[in-house]
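Below is one structure, written out as structure tokens, with a few remarks after it.
The values are calculated or read from the model by the stated rules, or taken from the named source; none is laboratory data. In this text, all values refer to a predicted model and were calculated from it rather than measured experimentally. Virtual Cβ from ideal backbone geometry, glycine too; neighbours counted across all protein chains shown.
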Amino acid sequence: MTVENRIISLKKKHADLDALISALEASPAADDLEIKDLKKQKLAIKEEIASLEAA
């Protein structure tokens, strides 16, 4: 997989997590721990994207 393809894949995963987090936050029965974990995953992906783009 090329760096460009990896970045594209990570950006899609980041967007998917963003949509999932938004949906969970809108739910009255939202699990705060699950949302926190998803946000950590999203941040890790964002940092990996930034690292790949800087290389």
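Given the criterion part of a helix (DSSP H, G or I) and surrounded by 13 or more Cβ atoms within 10 Å (Cβ to Cβ), identify the matching residue among Lys12, Lys42, Lys36.
On inspection, the qualifying residue turns out to be Lys42.
Residues of the range 27-47 that are at pLDDT 95 or above and either in contact with a Cys (Cβ under 6 Å, 6 or more places away or on another chain) or of a type in the set (Gly, Ala, Ser) (or both): Ala44 alone.
Restricted to the range 15-33, and to residues there that are within 12 Å of the chain's Cα centre (by Cα) and charged (D, E, K, R), the residue that is surrounded by the fewest Cβ atoms within 10 Å (Cβ to Cβ) is Asp16.
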